[in-house]
Amino acid sequence: MSRFEALTGDNAFAMAMRQVNPDVVAAYPITPQTETVEFFAEYVADGLVDTEFICVESEHSAMSACVGASAAGARVMTATSANGLALMWEIVYIAASLRCPIVMSVVNRALSGPINIHCDHSDVMGMRDSGWIILFSENGQEAYDNAFQAVRIGEHPDVLLPVAVCQDGFITSHAMERVEVYDDADVKAFIGTYRPQWSLLDLEHPKTYGPLDFYDYYYEHKRQQVEAMEHAQRVILEVAEEFNRKFHRNYGLFEPYRLEDAEVAVVVANSTAGTAKVVVDALRAEGLKVGLLKPRVFRPFPARELADALGHLKAVAVMDRSISFGAMDNAGPLFLELAAALALHGVQVPIADYVFGLGGRDIRPGEIERVYREALQMAETGQVARRVTYLSVRE
Amino acid sequence: MAQLKGWKEIPIGGMILEAGSAMEYRTGGWRAFRPVFGEAACIHCMQCWLFCPDSSILVNGENEKMAGFNLDYCKGCGICASVCPVNAKVIREAGEALKRDDPRLCIRMVEEGKFKE
Ligand code: SF4
Ligand code: SF4
């Protein structure tokens, strides 16, 4: 039997880690992910998990230890945020390249500077080309649910890639919400036993991980990573289907909210999607045909499926919680990729970007309503008045 | 060189699934200096065997004596010459710094281009 608990997002992910009972966790605390590591350390101290818990001296070491443990055949989890993720950088790429199915909670926080500990998505957006699968979570429940699915997705023999599970720093990580916690046995049955194909500890079959790889074979190994990403989309959907059946949820590549008969939609990830749903309901009550698309899977980017889901709209407003400085129109990464996806898949729709919430700046329903009203105007005129808006920044 | 394989035919992630595959990579081609025996007699202390990073010191399996250098893999780093105690003795007795290819040494390092059998 499942039960309901009041958990912060950090605690929800730590709870998932307890139930996964990974062989190895190597982590270094960093705000706002710290609580996850603290809760998990408590589970270790209380003997609730069998995990080898490595308290490392930095995130670079955390990810290095994770890669080593994963190569040795262990099921491995970790967690980080912003500058901690940045310090892991070198090994983040290596984890994907060596095909280590590590699962990492990324509690989204602004990547300095000036120094800031609050939420935006500049940290995870930096790792979008690193070869990791990236999942977003609206709230603690989704972070918790994504954790189990991430284990299955990453370890799938057709994938073997690390998976990052994002949640918004403080807004989700430190806010207490109702979370349905599943029965340990059900979780155990869902994630199954990890049977690594190539374990360094399999002494009968000695092997080498991470040798020098030059111009003669490096490129082929990168091509294999592309293949793994292509398989990942199918596997993500298969795993979601099984998860939904077992735990009565509704996961897919993204979540459409009142989108089917909508004329305009906002596309926004993580916690702000929750706020946007409230705005959608209010505007719907006024008779306005508005909807929402909340991306869940950012890597691999489901371009065709997004184009199909948004193809009937008269206007699209993307909300980006980070800036791709110097990119086209200094827009955000979600907008840039989505605009390209729509154009390449033949969807001709006015589309604009709204950068918001940098460094934890509050985003209120009123501001999201403004985005919707401007999107409705775009739909009416067929014109994009401003390609990129820095929402609520003071002039 | 062997036929290069396509991405579907090779292990993922650059993994090497056979043990001892370094044997296939003849690092001797990297060598700029070659270790050769000089006049001072080897005492078969096996220091060179212990320190050679490429396992390139040959040992006679019958009498367990140092038997030369495996030039297919020796990269010419000169570590064997540096650790050889006979070399140390020769230098001390000479009372001066010796060039690394001095014929009085036990192991001398000779520039590849200048080497004559
Ligand atoms: S020169 Fe270096 S690689 Fe060659 S035998 Fe001596 S120690 Fe070994
Ligand atoms: S270190 Fe010198 S003396 Fe000792 S075995 Fe090697 S060559 Fe001979």
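Can you tell which of B:E39, B:E93, B:E64, B:E18 is within 14 Å of chain A (Cβ to nearest Cβ), surrounded by fewer than 15 Cβ atoms within 10 Å (Cβ to Cβ) and of a type outside the set (K, R)? It would help to see each step written out before you state the result.
On the way: B:E39 fails: within 14 Å of chain A (Cβ to nearest Cβ); B:E93 fails: within 14 Å of chain A (Cβ to nearest Cβ); B:E64 fails: within 14 Å of chain A (Cβ to nearest Cβ).
It is B:E18.
Name every residue in the range B:52-61 that is β-branched (V, I, T) and either within 14 Å of chain A (Cβ to nearest Cβ) or more than 10 Å from ligand 2 (Cβ to nearest atom) (or both), in order of residue number. I'd like the intermediate steps shown before the answer.
Our first condition is that a residue be β-branched (V, I, T); within the range B:52-61, this holds for B:57, B:59.
Within the range B:52-61, none qualify.
Select from the range B:63-94 the residues that are in a loop (DSSP other than H, G, I, E, B) and either at pLDDT 95 or above or within 16 Å of ligand 1 (Cβ to nearest atom) (or both) and list them in ascending order.
Of everything in the range B:63-94, those that are in a loop (DSSP other than H, G, I, E, B) and either at pLDDT 95 or above or within 16 Å of ligand 1 (Cβ to nearest atom) (or both) turn out to be B:N70, B:L71, B:D72, B:Y73, B:C74, B:K75, B:G76, B:C77, B:G78, B:C84.
Looking at the range A:54-76, can you tell me whether even one residue there is within 23 Å of A:G140 (Cα to Cα), in a strand (DSSP E or B) and not charged (D, E, K, R)?
Looking for residues that are within 23 Å of A:G140 (Cα to Cα), in a strand (DSSP E or B) and not charged (D, E, K, R), one finds at least one in the range A:54-76, hence yes.
Can you give me the number of residues within the range B:100-117 that are assigned to a loop (DSSP other than H, G, I, E, B), within 16 Å of ligand 1 (Cβ to nearest atom) and surrounded by fewer than 14 Cβ atoms within 10 Å (Cβ to Cβ)?
1
Would you pick out the residues in the range A:162-194 that are part of a loop (DSSP other than H, G, I, E, B) and out of contact with any Gly (no Cβ under 9 Å at 6 or more places or on another chain)?
Step one: list which residues in the range A:162-194 are part of a loop (DSSP other than H, G, I, E, B), which gives A:162, A:169-176, A:182-183, A:192-194.
If the condition is that a residue be part of a loop (DSSP other than H, G, I, E, B) and out of contact with any Gly (no Cβ under 9 Å at 6 or more places or on another chain), then A:Y182, A:D183, A:G192, A:T193 are the ones that fit.
Give me the pairs, please: first residue somewhere in the range A:94-119 and within 14 Å of chain B (Cβ to nearest Cβ), second residue anywhere and open to solvent by 40 Å² or more (accessible area, probe 1.4 Å) and assigned to a loop (DSSP other than H, G, I, E, B), beta-carbon distance under 7 Å, and either six or more positions apart or on two chains.
Listed by first residue and then by second, the contacts come to A:L98/A:Y209; A:L98/A:G210.
May I ask you to list the residues in the range B:46-61 that are open to solvent by 60 Å² or more (accessible area, probe 1.4 Å) and either within 14 Å of ligand 1 (Cβ to nearest atom) or touching a Gly at 6+ places or on another chain (Cβ under 7 Å) (or both)?
B:Q47, B:W49, B:L50, B:F51, B:P53, B:S55, B:L58, B:V59
Restricting attention to the range B:67-90, and to residues there that are among the aliphatic types (A, V, I, L, M) and open to solvent by less than 30 Å² (accessible area, probe 1.4 Å), which single residue is farthest from ligand 2 (Cβ to nearest atom)?
Within the range B:67-90, the first condition is being among the aliphatic types (A, V, I, L, M), and the residues that meet it are B:67, B:71, B:79, B:81, B:83, B:86, B:88, B:90.
Applying the additional criterion that residues be open to solvent by less than 30 Å² (accessible area, probe 1.4 Å) yields B:81, B:86, B:90.
Details: B:A81: 8, B:V86: 4, B:V90: 10 Å.
Within the range B:67-90, the match that is farthest from ligand 2 (Cβ to nearest atom) is B:V90.
Restricting the range A:160-188 to residues that are in contact with a strand residue (DSSP E or B) (Cβ under 9 Å, 6 or more places away or on another chain) and within 14 Å of chain B (Cβ to nearest Cβ), which is surrounded by the fewest Cβ atoms within 10 Å (Cβ to Cβ)?
A:L161
Among the charged types (D, E, K, R), within 16 Å of ligand 2 (Cβ to nearest atom) and in contact with a Leu (Cβ under 9 Å, 6 or more places away or on another chain), is that true of B:R104?
On the way: among the charged types (D, E, K, R): yes; within 16 Å of ligand 2 (Cβ to nearest atom): yes; in contact with a Leu (Cβ under 9 Å, 6 or more places away or on another chain): yes.
Against the criterion (among the charged types (D, E, K, R), within 16 Å of ligand 2 (Cβ to nearest atom) and in contact with a Leu (Cβ under 9 Å, 6 or more places away or on another chain)), B:R104 qualifies.
Consider only pairs whose beta carbons are under 8 Å apart and that are at least six residues apart or on different chains; among these, list those whose first residue lies in the range B:85-108 and is farther than 18 Å from B:I43 by Cβ and whose second residue is part of a strand (DSSP E or B).
B:R100/B:F33; B:R100/B:R108; B:R100/B:M109; B:D101/B:R108; B:D101/B:M109; B:D101/B:V110; B:D101/B:E111; B:D102/B:R108
Whether any residue in the range A:152-159 is within 14 Å of chain B (Cβ to nearest Cβ), open to solvent by 50 Å² or more (accessible area, probe 1.4 Å) and at pLDDT 95 or above is what I want to check. So that I can check it myself, show each step before the final result.
Start the filter on the range A:152-159 by keeping residues that are within 14 Å of chain B (Cβ to nearest Cβ), which leaves A:154-159.
Of the ones still in play, those that are also open to solvent by 50 Å² or more (accessible area, probe 1.4 Å) are A:157-158.
With the extra rule that they be at pLDDT 95 or above, the set shrinks to A:157-158.
Yes: the range A:152-159 contains one or more residues that are within 14 Å of chain B (Cβ to nearest Cβ), open to solvent by 50 Å² or more (accessible area, probe 1.4 Å) and at pLDDT 95 or above.
The values are calculated or read from the model by the stated rules, or taken from the named source; none is laboratory data. Being a predicted model, the structure only gives us computed values, none of them experimental. Here Cβ is always computed from backbone atoms with ideal geometry, including for glycine, and neighbour counts include all displayed protein chains. Each accessible area value is taken on the protein alone, full model and side chains, heavy atoms only, with ligands, DNA and RNA left out. Shrake-Rupley method; radii C 1.70, N 1.55, O 1.52, S 1.80 Å.
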